[in-house]
Structures are given as structure tokens and as C-alpha cells.
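Novice: Handing you this structure, nothing more for now.
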Amino acid sequence: QVQLVESGGGSVQAGGSLRLSCAASGIIYRFDVMGWYRQAPGTQRELVAEITMGGRVNYVDAVKGRFTISRDNAKNTVYLQMNSLKPDDTAVYYCKLHRSARDYWGKGTLVTVSS
């Protein structure tokens with residue numbers, strides 16, 4: 001069983017930065033993909049960025065050039081560095097681990113960006 005715990009959310013003004021962390025308990029396997037999703041009020045949860053164990057990354061267009069996803073395999077932790085934040089980035093950010101046909105989710109951390 002995998003448990004994911006996010007941290008690092010908070011309130012920031014537009015143009016500011018935050019760094020989210022997601023610590024995974026349990027064994028992380030070679031083909032696991034970890035990622036960050038977000039959900040703003042009244043919207044569906046959407047992919048923000050994801051990263052494979054080998055370091056291959058994928059970003060949604062809205063965050064390219066501003067957000068950076070990384071992982072520390074030794075610590076079973078994935079990070080999301082968010083720079084140049086915009087009010088549209090306001091959402092609950094969730095960590096996800098994808099393994100075979102199953103997804104594991106964290107409980108989320110709130111990011112609020114004020115103008």
C-alpha cells in the first residue's frame with residue numbers, strides 16, 4: 001500500500017513562488033510515475049506535471065516555463081517548484097502515483113495566489 005503526503009501549500013501574491021513536496025511511503029518501483037494535479041473550485045482535476053523514475057517529465061501548457069517537477073528517488077519524494085505564480089494557479093494540488101492500472105492519491109494541499 002502506498003501513502004502520499006503533500007506539504008508546502010499556502011498563500012502567496014502573484015509573481016511569488018512556492019515549493020510543494022510529496023512524500024511517498026512504501027516501496028516505489030521502477031515504472032511508477034508520479035505527478036501533480038490540481039483542482040480549482042467548480043472545475044475538474046487536471047494534470048499539472050508528471051515525472052517518471054527515469055526523470056522524463058511532462059507539463060501542461062499553462063505551467064511550462066514556470067513550474068518544475070523533480071523527484072528524489074532515495075527519499076521517495078517528488079517536488080513541484082512553482083515560480084511566477086498567477087491567480088489562475090489557485091487550486092488544491094494533489095500528488096498522484098500511478099502504478100500499473102492503479103492510481104494512489106494524496107489528500108491535497110491548498111495553494112492560493114492573490115492579485
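The values are calculated or read from the model by the stated rules, or taken from the named source; none is laboratory data. Since the structure is predicted, the reported quantities are computational estimates derived from the model, not experimental observations. Using ideal geometry, Cβ is built from the backbone for each residue, glycine included, and neighbour counts are taken over all protein chains shown. Areas reflect the complete protein model, heavy atoms only, side chains present, ligands, DNA and RNA absent. Shrake-Rupley method; radii C 1.70, N 1.55, O 1.52, S 1.80 Å.
Novice: What are the pairs, 6+ residues apart or on separate chains, where a residue within segment 47-67 that is on the phi < 0 side of the Ramachandran plot and part of a loop (DSSP other than H, G, I, E, B) has its Cβ under 9 Å from a residue that is exposed (fewer than 15 other Cβ atoms within 10 Å of the Cβ) and at pLDDT below 95?
Specialist: Met53/Tyr29; Met53/Arg30; Met53/Phe31; Met53/Asn73; Gly54/Arg30
Novice: Scan segment 91-115 residue by residue and report those that are of a type in the set (A, V, I, L, M, F, W, C) and within 17 Å of Arg45 (Cβ to Cβ).
Specialist: Initial filter on segment 91-115 (of a type in the set (A, V, I, L, M, F, W, C)): 91-92, 95, 97, 101, 105, 110-111, 113.
Correct list: Ala91, Val92, Cys95, Leu97, Trp105, Leu110, Val111.
Novice: Here's a follow-up. Conditions first: (1) in contact with a helix residue (DSSP H, G or I) (Cβ under 9 Å, 6 or more places away or on another chain); (2) closer than 27 Å to Val2 by Cα; (3) of a type outside the set (A, V, I, L, M, F, W, C). Ser114 passes all but one, so which condition is the exception?
Specialist: In the conditions (1) in contact with a helix residue (DSSP H, G or I) (Cβ under 9 Å, 6 or more places away or on another chain); (2) closer than 27 Å to Val2 by Cα; (3) of a type outside the set (A, V, I, L, M, F, W, C), Ser114 misses (2) alone.
Novice: So the check is Cβ under 7 Å with 6+ separation or different chains; which pairs have a first residue in segment 69-98 that's open to solvent by 50 Å² or more (accessible area, probe 1.4 Å) and a second one that's acidic (Asp, Glu)?
Specialist: His98/Asp32
Novice: Tally time: how many residues in segment 14-24 are under 16 Å from the mean Cα position of the chain (by Cα) and open to solvent by 40 Å² or more (accessible area, probe 1.4 Å)?
Specialist: Here is the first cut: in segment 14-24, the ones under 16 Å from the mean Cα position of the chain (by Cα) are 17-24.
With the extra rule that they be open to solvent by 40 Å² or more (accessible area, probe 1.4 Å), the set shrinks to 17, 19, 23.
Counting residues in segment 14-24 that are under 16 Å from the mean Cα position of the chain (by Cα) and open to solvent by 40 Å² or more (accessible area, probe 1.4 Å) gives 3.
Novice: If you don't mind, another one. Could you count how many residues in segment 29-39 are open to solvent by 30 Å² or more (accessible area, probe 1.4 Å) and either part of a loop (DSSP other than H, G, I, E, B) or free of Cβ contacts under 8 Å to residues at least 40 places away in the same chain (or both)? Step through it out loud before you land on a result.
Specialist: Taking segment 29-39 as the starting set, the residues that turn out to be open to solvent by 30 Å² or more (accessible area, probe 1.4 Å) are 29-31, 33, 37, 39.
Within this subset, residues satisfying the condition of being either part of a loop (DSSP other than H, G, I, E, B) or free of Cβ contacts under 8 Å to residues at least 40 places away in the same chain (or both) are 29-31.
Here the count works out to 3.
Novice: Given (1) surrounded by 13 or more Cβ atoms within 10 Å (Cβ to Cβ); (2) among the polar types (S, T, N, Q); (3) over 11 Å from the mean Cα position of the chain (by Cα), identify the lone condition not met by Ser11.
Specialist: For Ser11, the exception is condition (1).
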